[in-house]
Amino acid sequence: MTRGYAPEATADTPATSAGGATTCGAQPVRTFAGWLVRAEAAAEEVGPMVEIAIASRFAPRAVRPDSYEPMPPALYVYRQSTPHGHHIGIVCDIMPEAFLDGRVLGHESVQPQRVDGLTRYLATTPQRVDLVSTLHRAGPVVRATLALAPELPPDRDVAGLDGSRHTVWRIPEGPQTEKLCRELGAATHYIADGHHRVAASLNVRARSGRGSRRGVLCVAYPLDGLRLASFDRRVAGPVDSALVRDLLEASFHVRPVADPQEAMAAGIAVNLDRRWYVARYSGERPPGSPGLDVSLLHDRVLSGLPPGTKIEQTRAPIEDLLTACEADGGVLFALPAPQLETLTAIADAGQVVPAKSSFFSPKPGSGIFLRAPAP
């Protein structure tokens, strides 16, 4: 993510939340007035992310405002339950300046075409909200709030299409909300999922002029609040196995292993000619983004393949990728997940990682909130 998300962005600091006044004042983290999906409409409205539809060049589903209940300014506790566990954070409005002055940091670059498509969508109202996921070092107020909320009756408890469950507790404006805003506002937040949504939101805000009070709706998780995985690389075949091996052995220690799990515990798992190997970088790793396994793989191996070689960035099941390699004589590189501390350090340094280097999950449910028209 470059620092120039929206070069036309202004530098004013709004003192109210998008859609309503807030007791959080000029804090970078604020309450917001929006619409919350009605329980009886959730099965129809809560679904896949709008961003995914736009990236796939599909028109997002039309919004039905009568499926939502208008809510006064508030923060929310949001919990998503999946087979992997519970993931719980604070839904809030973060003012645009925080994304431009280093209080919210990203680690990915953005694709202009995707940003343009999202910008056009976000310029419409009302709009179904895809929350941006951020991570931060949670303080005592946040942790106490997240621990207490599940003991209270929720405002919404709805099922997702993928078997997940989405539970929401509203935190009305008041002393507790003020404490949350101050503590969240003092923290550095790291974008986990939603770099393109942030860029598009800032474009919309910049084009609407200095009077706009619209921020970016986020769910702020503790640092350990999400699961971190990686994308694999599959080189479509047929490949020159000798060339691949030469490229690997020029920069990596390569040895055979029994299975990919053993390999990824030690380095990059490579399936070449139906055999598994582990590849560990043999030199001194550069600091920051250039030292990531995915960066070294691209710089030292994939860049040396013939022009026009098709390289897939994928999270498909390993079994499916192996079947594809067997069918066309391709090669698979299964990458271990980067360390979260490494990604935050890269963001702190103002660097970006190669595209499709990290995958945070679960993604927040789309359509739980509806964005109210900006005042």
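The values are calculated or read from the model by the stated rules, or taken from the named source; none is laboratory data. Keep in mind it's a predicted model, so treat the numbers as computed, not measured. Cβ atoms come from the backbone with ideal geometry, glycine included; neighbour counts cover every protein chain shown. Areas reflect the complete protein model, heavy atoms only, side chains present, ligands, DNA and RNA absent. Shrake-Rupley method; radii C 1.70, N 1.55, O 1.52, S 1.80 Å.
Listed values, structure above:
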| item | result |
| --- | --- |
| Whole-percent carbon and sulfur share, accessible surface of the chain, 1.4 Å | 53 |
| Cβ charges +1 (Lys, Arg) and -1 (Asp, Glu), total dipole of the chain, debye | 740 |
| Normalised contact order of region 261-353, rounded percent, pairs of Cα under 8 Å and 6 or more residues apart | 39 |
| Heavy-atom accessible area ranking, 1.4 Å probe, most first, across Met264, Met95 | Met264, Met95 |
| Contact order relative to length of the chain, as percent, for alpha carbon pairs under 8 angstrom and 6 or more apart | 27 |
| Computed accessible area, Lys356, all protein chains, 1.4 angstrom probe, square angstrom | 80 |
| Candidates Glu45, Glu249, Glu97: whichever shows maximal mean-square fluctuation once the chain is modelled as a Gaussian network with Cα springs under 10 Å | Glu249 |
| Gap separating the Cα centres of region 214-230 and region 325-375, nearest whole Å | 11 |
| C-alpha long axis of helix 175-186 to longest principal axis of the chain, angle in ° | 40 |
| Anchor Lys310: lysines whose Cα lies under 20 Å away (excluding residues fewer than 8 positions away in-chain) | Lys356 |
| In degrees, nearest ten, helix 195-207 long axis to first principal axis of the chain (Cα) | 40 |
| Part-to-part distance (alpha-carbon centres) for region 97-124 and region 39-70, which is given in Å | 20 |
| Residue of Ala279, Ala42, Ala266 that the Gaussian network model of the chain assigns the largest fluctuation, springs spanning Cα pairs under 10 Å | Ala266 |
| Free-standing Cys residues across the chain, given no other cysteine C-beta under 4.7 angstrom | Cys92, Cys218, Cys325 |
| GNM top mover of Ala236, Ala337, Ala206 - the chain, alpha-carbon springs below 10 Å | Ala236 |
| Solvent exposure of the chain as accessible area per residue, Å², 1.4 Å probe | 43 |
| Value of [θ]222 nm, deg cm²/dmol, for the chain, DSSP H segments ≥ 4, -39500 (n - 2.57) each, nearest 500 | -7500 deg cm²/dmol |
| Net charge over other residues, Cβ less than 9 angstrom from the Cβ of Ala269 (K, R count +1; D, E count -1) | -3 |
| On Cα atoms only, tilt of 318-328 relative to the major axis of the chain in degrees | 50 |
| Local net charge near Gln313, Cβ-Cβ under 12 Å (Lys/Arg +1, Asp/Glu -1) | +3 |
| Charge tally in the Cβ shell below 12 Å around Pro354, where Lys, Arg are +1 and Asp, Glu are -1, Pro354 excluded | -1 |
